[in-house]
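The values are calculated or read from the model by the stated rules, or taken from the named source; none is laboratory data. From a predicted model like this one, the values you see are computed outputs, not experimental measurements. Counting neighbours? That spans all protein chains shown, and the Cβs are built from the backbone with ideal geometry, glycine included. For the accessible areas, the whole protein counts, side chains as well, though only heavy atoms, and no ligand, DNA or RNA atoms are used. Shrake-Rupley method; radii C 1.70, N 1.55, O 1.52, S 1.80 Å.
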Amino acid sequence: MRNTLDSITRNLWHVVAATDELPIGLVETTTLLDTPLALTRGLDGEPVVWLRRDEEQGEEIDAETVLERLPVKTAYGYTWTCLGSPPAELFPIPEFAEPDRVNMSCGSIGIHVSAPRAVENFLDMGHFPYVHTDILGSEPHTEVKEYDVEVSEERDEVLATRCRFIQPRAAKSATKPMEVEYVYRVPHPFCSVLYKSCPEDETRQDVIGLFLQPVSEERCRAHLLQSMIDSTSTITDLRRFQQTIFGQDKPILENQYPKKLPLDPRAETPIRADKSAIAYRRWLSQKGITYGVIPQAS
Amino acid sequence: MPLSLSDPTWYPIASSEDLPFRHVYQGQLLGRELAVWRADDGTLNVWENRCLHRGVRLSIGINEGQELKCQYHGWRYANGSAGCTYIPAHPADAPARRIENRKYPVREAFGLVWSAANDDQPFKPFPDAEAKAWFPLRPLPVNASPDDVVAGLARLAPDDQPADMLPGMAVRLETAIYFVQPVDSGRSVIRGLLAEKPANEIAALRHYNEMLTKLRDRLEKAAARKPAPEPLQPSFEKVSVDLATMPDIAIPRGTTFPVLVKRKWQSADGVIGFELADRDGKHLPTFQPGAHIDVHLPNGLVRQYSITNGPGELMSYVIGVKQESASKGGSKALVETVREGDVLAISEPRNNFPLRRDATRTVLIAGGIGITPLLSMARFLDKSSLPYELHYFVRSGETAAFRSELEVLHGEVRTHMGIGRKAIRKEVEAILGLHEFANHVYICGPGPMLEMVQDAAAALGWPDEAIHFEYFRNDKTIDASSSFEIELARSAMTLHVPAGKTVLETMREAGLTVPSSCEQGACGTCLTGVIEGEVDHQDVYLNKSEKASNSCMMTCVSRARSHRLVLDI
């Protein structure tokens, strides 16, 4: 299994936990790229990540005693680490720093499918009426209208714009189905960021980030960031909403075969609505990613 | 003997009772997962357990009676052919390219459902099969290799009466036959049949269950001591290049195939019904509501007729033909010379009149023989429990065709009889009302009526994209005033097309053999690929997106907007 770990994936920053949820002085365990990891936070609140040996979940530990550490970055409320040599910076989400936003981590959910399959599901609007019935979409409004996709060379990310879909209750005040407009970014092979029109302020956008932790080639953990302009909903409401959505996606994704994402264009049948997924697959292929995918036979 | 992915043997894969009404059963044979379902008409389907779009298991899909609907994006696949009939993300487009799932042969016999990895062998029942009234036992899964399970079953026989080893991993012990379903290299299911129905069914089932459970325990213990065999690695077949490259449209090939005229009958005054079926009783190609076929007539003409069938009805196509006295030998030839038992050549179904299923209101307006495509649409909407209204206008003195088919529909179906021309418009206006979001109207009928309804709808605020219609005849005035060059890429020839002459005529004069039929831009026979240049489309055959793609043209009427066209010919 390990031999498919390409150097690109190895040298990326990967999300491993919501920083707030890491206990201070206790061991938390997880797996990244088939590698067992242990995590904790020191008294200063800073996360510490290292290769797990015999540490067990919940064991007491003093972070000061951990000498062989993996690189760590805290960003967007999450702890990120790397098994190789990481770049200096993680992809930017400038909105996160705006002072009037509610930023929150909405929980982490394990899914028995590869991380790139989960990214593709996040980019997909066509499943809204069928999987997120009466929330993100509802029959008979099933059309995915033409949208634009580009791979930005400057930022090295996939960008889908003008993505429009009719949603039954796009805003709390909505009584009739209305069209919402999304922008999707894929700034990291296993992360995507969604921008959608904000019901409270027409000039701004709500931001939802999906960060996938590739546990193994066929398993991942989905970590979700919400950065909202919402003065009325409670954090519990917003978290419950996202967990409902995830709960609906999970059984579908776990029935997807093969579990790894096939990069051969002839492995599956794309339609125009899948433009962003096609661009994403091509982008992964060009980068030379082999982890969690079935590379195109050369 | 190691299992082979290409083993042609028929094996039982399910019990008949595993397939209750509207259920989808997940089976497995030789390492391949299967989605097994029974349609409302009784047809059994054994398909690869995977939607071609994104690989989601079809066994978690919804059996809608005549179609299987994928849970992920609502793609629908037809009973029998496994062909995709509808892609909800693009409701205005017919899935023109042939998206067809992989399917396996199936037979139901002796209370079991049988299948095989390929069609290499016909189904052959085991010796004496027909002579007895077989009683199926409860299936028993065993985590052991099929060969070991067969050997284990054989060892159950008493010493003086050895087991009878039958072909296809089957063992006869006294009055019972046990079939071993090779699920994978290390997994099996024992499916037994008793030669007759026991007096006490429950006691018998319990007895055999206990016996087989003991056998299973022994086999699984032994299997655990051996290294686990490598599971079979079935590969997913690649989709064709044209499906993978996602063109807006594919150039239809124009191939024909023979069908048998199974039935011919008078459906109404002046309307004759024809039922066309495969000669060997196989299913016909997948179609979508609104689709038509080209019928090649005995007198050499080609005419288009809409399919009236509902979803998943692929054992025959039913078309309606108007007995026009004025017809120039088209319908006339069909009505007068074609009889039951004759063979006709037809094209694969093609859809220029696709039905959106994302409307909140669907209005179907038919005039006379125009009922045929709308009947099919109504049947599809009916099966999916989508709301619709069907208005059928019939001239005075005419009778409504397909009356019994219309009567069984659940939607609002109304026949308007003998209304004068002016009154019809009023009636249509009342039916349509002002346009609202996600309302769509479909019209099929004589030319003047088509134009009247379009006009009435437009006046009531219905936008173009909400008004759907189809022409079978090109009544437009062809503008042949342009002149331009054509470069024939494969024939390495450049020709000049002068004003007043068609591309088709110019090519023929240069000695090329080019097929054509109606020569008025309606039948699709002369369809040609365009490599370069801008086409001046004047036909009624290609739909809007096909025209916009600028990748093909009808050489009998269409011309060039640019000064040069490069054709794939």
For this session: Considering only A:MET104, A:MET178, A:MET125, give the residue with the highest GNM mean-square fluctuation for chain A, with springs between Cα atoms whenever their separation is below 10 Å.
Result: A:MET178
Seminar exercise, completed: The ³J(HN,Hα) series, computed from each phi in segment B:425-432 with the Karplus coefficients 6.51, -1.76 and 1.60 at θ = phi - 60°, rounded to the nearest Hz and given as x for glycine or proline, is 4, 4, 4, 4, 4, 5, 5, 5
Seminar exercise, completed: Of B:ARG425, B:ARG98, B:ARG57, ordered by accessible area with the largest first and a 1.4 Å probe, the sequence is B:ARG98, B:ARG425, B:ARG57
Seminar exercise, completed: Shape call for segment B:11-225, from the Cα gyration tensor axes a ≥ b ≥ c (a/c under 1.5 means rounded, otherwise prolate when a/b beats b/c, else oblate), comes out prolate
Seminar exercise, completed: When chain A is treated as a Gaussian network with springs between alpha carbons less than 10 Å apart, the largest mean-square fluctuation among A:GLY209, A:GLY84, A:GLY58 is found at A:GLY58
Problem set entry | Residue-averaged beta-carbon neighbours from other chains (10 angstrom radius) around B:230-239 | 2
Exercise. Can you give the average number of partner chain beta-carbon atoms within 10 Å of each beta-carbon in peptide A:136-145, as a whole number?
Worked result: 5
Problem set entry | Contact order normalised by residue count of segment B:484-567, Cα under 8 Å, 6+ apart, percent | 37 percent
For this session: Compute the Cα gyration tensor for the protein assembly as shown, then decide on rounded, prolate or oblate, letting a ≥ b ≥ c be the square roots of its eigenvalues: rounded whenever a/c is under 1.5, prolate when a/b is larger than b/c in the other cases, and oblate in all that remain.
Result: oblate
Seminar exercise, completed: segment B:256-347 accessible area per residue, 1.4 Å probe, protein heavy atoms, integer Å², reads 41 Å²
Seminar exercise, completed: Computed from the beta carbon distance with a Förster radius of 56 Å, FRET efficiency for A:ASN11 and B:ASP536 to the nearest 0.05 stands at 0.50
Exercise. How many angstrom separate the Cα center of segment A:31-76 from the Cα center of segment B:480-512?
Worked result: 75 Å
Exercise. If one puts a single equal scatterer on every Cα of chain B and applies the Debye formula without solvent, what log₁₀ I(q)/I(0) results at q = 0.05, 0.07, 0.12 Å⁻¹?
Worked result: -0.29, -0.54, -1.16
Exercise. About its Cα centre, how strong a charge dipole does chain A have in debye, to the nearest 20, once Lys and Arg get +1 and Asp and Glu get -1 at the Cβ?
Worked result: 880 debye
Seminar exercise, completed: GNM on chain A, Cα springs under 10 Å; top mean-square fluctuation among A:ALA38, A:ALA267, A:ALA18 goes to A:ALA267
Exercise. By its C-alpha gyration tensor, with a ≥ b ≥ c as the square roots of the eigenvalues, how is chain A shaped: rounded for a/c under 1.5, else prolate for a/b larger than b/c, else oblate?
Worked result: oblate
Exercise. If Lys and Arg each add +1 and Asp and Glu each add -1, what is the summed charge of the other residues whose beta carbon sits under 13 Å from the beta carbon of B:ALA438?
Worked result: -2
For this session: May I ask you to evaluate 6.51 cos²θ - 1.76 cosθ + 1.60, the Karplus curve with θ = phi - 60°, for each residue of segment B:262-273 and list the ³J(HN,Hα) values in order in whole Hz, giving x for glycine and proline?
Result: 7, 8, 9, 8, 7, 8, 7, 4, x, 10, 10, x
Exercise. Restricting attention to segment A:1-70, which trypsin sites (Lys or Arg not before Pro) occupy a DSSP loop and are surrounded by at most 15 other Cβ atoms within 10 Å?
Worked result: A:ARG53, A:ARG69
Exercise. Can you list residues whose amide H is under 5 Å from A:MET178's amide H, if they're 5+ apart or on another chain and H is modeled 1.01 Å from N?
Worked result: A:GLN167, A:ALA170
Problem set entry | Potential lengthening between B:ARG403 and B:ARG206 on full extension [0.36 nm per residue; Cα-Cα distance subtracted] | 65.6 nm
For this session: Among the GluC sites (Glu not before Pro) in segment A:6-83, which ones are in a DSSP loop with at most 11 other Cβ atoms within 10 Å of the Cβ? Mind listing them?
Result: A:GLU56, A:GLU68
For this session: Rounded to the nearest 100 Å², what's the accessible area chains A and B bury against each other, both chains counted, probe 1.4 Å?
Result: 3400 Å²
Problem set entry | Contact order normalised by residue count of chain A, Cα under 8 Å, 6+ apart, percent | 20 percent
Problem set entry | Under 10 Å, Cβ to Cβ, from B:ARG172 - net charge with Lys/Arg +1 and Asp/Glu -1 | -3
Exercise. Given a 1.4 Å probe and the protein chains all in place, what does the accessible area of A:GLU179 round to, in Å² to the nearest 10?
Worked result: 90 Å²
Problem set entry | Within segment A:178-219, backbone nitrogen closer than 15 Å to the virtual label 7 Å beyond the Cα of A:ARG169 toward Cβ | A:178
Problem set entry | Local net charge near B:TYR392, Cβ-Cβ under 10 Å (Lys/Arg +1, Asp/Glu -1) | +2
Exercise. Between B:GLU324 and B:ASP479, what FRET efficiency comes out of the Förster formula 1/(1 + (r/R0)^6) with R0 = 22 Å and r the beta carbon distance, rounded to 0.05?
Worked result: 0.15
Seminar exercise, completed: Given unit charges at Cβ for Lys, Arg (+) and Asp, Glu (-), the dipole magnitude of segment B:438-532 about its Cα centre in debye, nearest 20, is 280 debye
Problem set entry | Over segment B:361-469 - Rg/Rh using Cα atoms and the Kirkwood inverse-distance radius | 0.94
Exercise. Of the trypsin sites (Lys or Arg not before Pro) in segment A:143-218, which ones lie in a loop per DSSP and count no more than 16 other C-beta atoms within 10 Å?
Worked result: A:LYS145, A:ARG155, A:ARG169, A:LYS172, A:ARG204
Seminar exercise, completed: 1/(1 + (r/R0)^6) with r = Cβ-Cβ of B:ASP41 and B:ARG138, R0 = 22 Å, i.e. FRET efficiency to nearest 0.05, evaluates to 0.20
Seminar exercise, completed: Here segment B:52-61 yields Karplus 3J(HN,Hα) values (6.51, -1.76, 1.60; θ = phi - 60°; whole Hz; Gly and Pro given as x) of 5, 6, 10, x, 6, 4, 6, 5, 9, x
For this session: Quote the accessible area belonging to A:THR161 in square angstrom, nearest 10, computed with a 1.4 Å probe and with ligands, DNA and RNA left uncounted.
Result: 50 Å²
For this session: Please report the relative contact order for segment A:30-85, taking Cα pairs under 8 Å with a sequence separation of at least 6, and give it as a percent rounded to a whole number.
Result: 26 percent
For this session: Answer with one residue from A:PRO94, B:ALA359, B:ALA492: the one whose Cα lies farthest towards the positive end of the charge dipole of the protein assembly as shown, charges on Cβ with Lys, Arg +1 and Asp, Glu -1.
Result: B:ALA492
For this session: Could you calculate the contour length gain from B:ALA224 to B:LYS124, that is, 0.36 nm times the residue separation minus the distance between their Cα atoms, to one decimal place in nm?
Result: 32.5 nm
Exercise. Can you give the mean number of other chain Cβ atoms that lie within 10 Å of the Cβ atoms in peptide A:267-278?
Worked result: 6
For this session: Using the charge dipole of segment B:1-85 (Lys, Arg: +1 at Cβ; Asp, Glu: -1 at Cβ; taken about the Cα centre), state which of B:ALA82, B:GLY55, B:GLY42 has its Cα farthest towards the positive end.
Result: B:GLY55
Problem set entry | Built amide H within the under 5 Å cut-off of B:LEU166, gap 5+ | B:VAL171, B:ARG172
Problem set entry | Charge dipole (segment A:94-256, unit charges on Cβ, about Cα centre) - positive-most of A:GLN226, A:ILE245, A:SER192 | A:ILE245
Exercise. In debye to the nearest 20, how big a dipole does the protein assembly as shown give about its Cα centre with +1 on each Lys and Arg Cβ and -1 on each Asp and Glu Cβ?
Worked result: 1840 debye
